[in-house]
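Below is one structure, written out as structure tokens, with a few remarks after it.
The values are calculated or read from the model by the stated rules, or taken from the named source; none is laboratory data. For clarity, every value in this text was computed on a predicted model and none was experimentally measured. Virtual Cβ from ideal backbone geometry, glycine too; neighbours counted across all protein chains shown.
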Amino acid sequence: MSAVTPTPASGPALRDIHLPPPPSWWPPAPGWWLLAALACVLLFFAVRWLLRHQRERRWRRQIHAEFERIAAMHAAQADSAQFAAQVSHLLRRASRLIEPGAVALRDEAWLAFLDAQLPALQAAAAPFRTGSGRALIDAPYRRAADPAMPAFDTHALLDLARTWLGAALPRRRDHV
């Protein structure tokens, strides 16, 4: 047999426990990769929404400013045919925000579209098809002093167009 070496009374001499190194921050765990991808997607959609929102807001502001310019120009120089043409053109441009295909509508279909954008009580009265809005169809093509054609109320058309712009353009809290 071999000779057993006596061990000290306190036991064998052990070395201290070696802990593993702390985990590195790179590469991150898969959960962090998914969180980063989700954050990028959310950031993309937030920036896209913000840009679209700003573009629509700028567009609405430009439409309202141009409408006020048309109203001021009509107050200074009363040319009803030119006024009706400018209002019709402005309403067509504004309708692109609501329905891009509305720009191509003609005659009764155009007036029906305009009436449909008004609140229910006003749309039931059909102010574009039967009221002062009817001037948008033929007034731009009238001669200045044509006694055969009845004159139209430019102030009523102005008020109707202002009401339509207020009701039809997309409403948001920041509506100008």
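See the values below:
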quantity: Odd one out for Leu34, checked against (1) modelled with pLDDT of 90 or more; (2) within 18 Å of the chain's Cα centre (by Cα); calculated: (2)
quantity: Any hit, the range 140-148, residues being modelled with pLDDT of 75 or more and touching a helix residue (DSSP H, G or I) at 6+ places or on another chain (Cβ under 9 Å); calculated: no
quantity: Lone qualifier among Ala81, Ala104 - being among the aliphatic types (A, V, I, L, M) and loosely packed, with under 11 Cβ neighbours inside 10 Å; calculated: Ala104
quantity: Qualifying residue in the range 48-69 (condition: more than 14 Å from the chain's Cα centre (by Cα), in a helix (DSSP H, G or I) and among the small types (Gly, Ala, Ser)); calculated: yes
quantity: Residues that are of a type outside the set (A, V, I, L, M) and farther than 16 Å from Phe128 by Cβ, drawn from the range 84-111; calculated: Gln86, Arg93, Arg96, Pro100, Gly101
quantity: Any hit, the range 41-56, residues being closer than 30 Å to Ala135 by Cβ, of a type outside the set (Gly, Ala, Ser) and at pLDDT below 90; calculated: yes
quantity: Boolean, Ala156 is modelled with pLDDT of 85 or more, more than 30 Å from Arg55 (Cβ to Cβ) and assigned to a helix (DSSP H, G or I); calculated: yes
quantity: Any hit, the range 93-108, residues being more than 20 Å from Gly166 (Cα to Cα) and among the hydroxyl-bearing types (Ser, Thr, Tyr); calculated: no
quantity: Only listed residue being within 30 Å of Gly166 (Cα to Cα) and either over 23 Å from the mean Cα position of the chain (by Cα) or not in a loop (DSSP other than H, G, I, E, B) (or both), chosen from Leu90, Leu118; calculated: Leu90
